[in-house]
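A.B. asks: Here it is, the structure in full.
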Amino acid sequence: GAVVSQHPSWVICKSGTSVKIECRSLDFQATTMFWYRQFPKQSLMLMATSNEGSKATYEQGVEKDKFLINHASLTLSTLTVTSAHPEDSSFYICSARDLVGTGAEQYFGPGTRLTVT
Amino acid sequence: AQRVTQPEKLLSVFKGAPVELKCNYSYSGSPELFWYVQYSRQRLQLLLRHISRESIKGFTADLNKGETSFHLKKPFAQEEDSAMYYCALAAFWGSNYKLTFGKGTLLTVNP
């Protein structure tokens, strides 16, 4: 089946620094990738939708200057958390939609645990 | 705007008992509905979708447009079914495709 990977799986950074998270579709091409945030024991909250070669579409309330998304190729999207603060600590999950798949299936990455100290 | 409601945060049943996880949705268009499952320490994975009308791991879900529901059912729960279950609705929002999740139901199947 289709696989989505994320790197790193966990990261600890100091307040004020920036962190980049990579999301790759390993065996399929994804025109659309999604970034979610999940707080402990809560559901996934969509942050932004990333289309290859174009600007990401951010959900209401998500700061696009803080959460920079780049989708440079059909297999790679990156999320950069700029000037991170402790409140940015969370579980970030990416997802990719199969370019040629039937229906509207999304495949999810394993997530990246970000801790900002 | 679309919305997915899972009224039960927690659901606990005994092995062999029937289980039903409730999901209601709100959407003005024609919905595509899914159930996703997240086992402990694993990634989210698709369990089933309404357009397939299939049974996966003994689970079924029927879309009821009149009641705007997509409840997940299994006649005989197994311990390995213990997991977090999310109902999700897919729709086009502007020019984008968007998947909206419910808050999830944690199912525990006791021996």
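A.B. asks: How about the range A:77-100: which of its residues are more than 14 Å from every other protein chain (Cβ to nearest Cβ), touching a residue at least 40 places away in the same chain (Cβ under 8 Å) and surrounded by fewer than 16 Cβ atoms within 10 Å (Cβ to Cβ)?
C.D. replies: A:T80, A:T82, A:S83, A:H85, A:P86, A:V100
One line per residue, one yes/no per condition, for (1) at pLDDT 95 or above; (2) surrounded by fewer than 15 Cβ atoms within 10 Å (Cβ to Cβ); (3) in contact with a helix residue (DSSP H, G or I) (Cβ under 8 Å, 6 or more places away or on another chain); (4) among the aliphatic types (A, V, I, L, M):
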{"residue": "B:S12", "(1), (2), (3), (4)": "yes, yes, no, no"}
{"residue": "B:A17", "(1), (2), (3), (4)": "yes, yes, no, yes"}
{"residue": "B:S30", "(1), (2), (3), (4)": "no, yes, no, no"}
{"residue": "B:Q45", "(1), (2), (3), (4)": "no, yes, no, no"}
{"residue": "B:N64", "(1), (2), (3), (4)": "no, yes, no, no"}
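A.B. asks: Here is a further query. Evaluate the following for B:K98: is it basic (K, R) and within 9 Å of chain A (Cβ to nearest Cβ)? Lay out the reasoning, then the answer.
C.D. replies: Numbers: basic (K, R): yes; within 9 Å of chain A (Cβ to nearest Cβ): yes.
In short, yes.
A.B. asks: Next question. For the structure I just gave you, tell me whether B:G58 is at pLDDT 95 or above and on the phi > 0 side of the Ramachandran plot.
C.D. replies: No, not satisfied.
A.B. asks: What are the residues in the range A:53-63 that are more than 13 Å from chain B (Cβ to nearest Cβ) and surrounded by 14 or more Cβ atoms within 10 Å (Cβ to Cβ), if any?
C.D. replies: Scanning the range A:53-63 gives a single hit, A:V62.
A.B. asks: Tell me the residue from B:K22, B:K74 that is under 10 Å from the mean Cα position of the chain (by Cα) and of a type in the set (K, R), please.
C.D. replies: B:K22
A.B. asks: If you take just the strands (runs of 3 or more DSSP E) that sit entirely in the range B:1-57, which of them hold at least 1 residues that are among the acidic types (D, E)? Full working, then the answer.
C.D. replies: Values: elements: B:3-5, B:10-14, B:19-21, B:24-26, B:32-38, B:45-49.
Passing ranges, in order: B:19-21, B:32-38.
A.B. asks: Pick from the range A:24-47 the residues that are facing another protein chain (nearest Cβ under 10 Å) and part of a strand (DSSP E or B): which of them is surrounded by the fewest Cβ atoms within 10 Å (Cβ to Cβ)?
C.D. replies: Result: A:M45.
A.B. asks: How about the range B:32-67: which of its residues are hydrophobic (A, V, I, L, M, F, W, C) and within 12 Å of chain A (Cβ to nearest Cβ)?
C.D. replies: B:L33, B:F34, B:V37, B:L44, B:L46, B:L47, B:L48, B:I51
The values are calculated or read from the model by the stated rules, or taken from the named source; none is laboratory data. Values in this document were obtained by computation on a predicted structure and should not be read as measured data. So basically every Cβ, Gly included, is an ideal-geometry build from the backbone, and we count neighbours across all protein chains shown.
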